[in-house]
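Working notes, beginning with the structure itself.
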Amino acid sequence: SARAAQVMERGQPAGYPRSQTAVTQMGFDRLHADNPAAAQVVAACAFLAPEPVPQEWFPRAARLLPAPLGEATADPVEWHQVIARIRQQAIARLDRRGIQLDRLTQVIIRDHLTSDAAATSRALAGTVLAANQPGDPRDSSTWSAWAALQPHVIAMALDTANAGLRDLACHMVTYLLGSGNLHTGLETAYRLY
């Protein structure tokens, strides 16, 4: 795709041959054919920050997610199959911290989606984030959960029509300021404003 090509032209990262675009696109298409819910997870993660996305965020949002992901996340056995399929396809790294796509893979997948599929995946990512609000951002016992959300909220919230995600972003500013991260908190507040 054009965007992936631009990224690669700026200096091909070590370990990313030019065929990475084709391999990623084929892998994503295969994932979509074999397990559409797994493809929905990967597509949503392509719109988040390239940081780990805790696996439990998706089941917490189960009742808000579209089919087939909503049904898969509501059933622990099906959810385990979704995660196993993502692991088998090797599009994302999965470990105890969560699901993680590198930046180039994110770009390739975003560019591979149709405009409608991209809008749906972006909205799905916002729904997952909004459903995982950790609680009172002034309570230091919630700060580790806020810290995990921070890069994803900042990556998404500044360009969204999702009211829940905008609310989450405002609470994120409270967390950032309260936890002493004044520069990022003020910068985020300014960008949200």
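Angle check, please: helix 36-45 long axis (alpha carbons) against the longest principal axis of the chain (alpha carbons), in degrees 0 to 90, nearest 10.
Its long axis makes an angle of about 50 degrees.
Based solely on its DSSP helices, what 222 nm [θ] is calculated for the chain when runs of n ≥ 4 H residues each add -39,500 (n - 2.57) and the sum is averaged over all residues, nearest 500 deg cm²/dmol?
About -20000 deg cm²/dmol.
How far, in nm, would the chain grow between residue 120 and residue 192 when pulled straight, counting 0.36 nm per residue and subtracting the alpha carbon separation?
Full-extension gain reported as 23.7 nm.
Tally Lys and Arg at +1 and Asp and Glu at -1 over the other residues with C-beta under 11 Å from the C-beta of residue 102: what net charge comes out?
Its environment carries a net charge of +1.
Between 0 and 90 degrees, rounded to the nearest ten: what's the tilt of helix 103-112 against the longest Cα principal axis of the chain?
Here the helix axis deviates by roughly 70 degrees.
At 1.4 Å probe size, with the rest of the protein present, what percent of the exposed accessible area of the range 107-193 is carbon and sulfur atoms?
Within the range 107-193, the accessible surface is 54 percent carbon and sulfur.
Determine the distance separating the Cα centre of the range 68-138 from the Cα centre of the range 140-184; give it in Å without decimals.
The distance from the Cα centre of the range 68-138 to that of the range 140-184 comes to 19 Å.
Once volume of the Cα convex hull per residue in Å³ is worked out from the coordinates, which option in (i) 166; (ii) 145; (iii) 130 does it equal?
Among (i) 166; (ii) 145; (iii) 130, the one calculated here is (iii).
What accessible area per residue comes out for the range 62-162, rounded to a whole number of Å², with a 1.4 Å probe?
50
The values are calculated or read from the model by the stated rules, or taken from the named source; none is laboratory data. The structure presented is a predicted model; accordingly, all values stated were derived computationally and were not measured. Ideal geometry is used to build each Cβ from the backbone, glycine not excepted, and the neighbour counts take in all protein chains shown. For the accessible areas, the whole protein counts, side chains as well, though only heavy atoms, and no ligand, DNA or RNA atoms are used. Shrake-Rupley method; radii C 1.70, N 1.55, O 1.52, S 1.80 Å.
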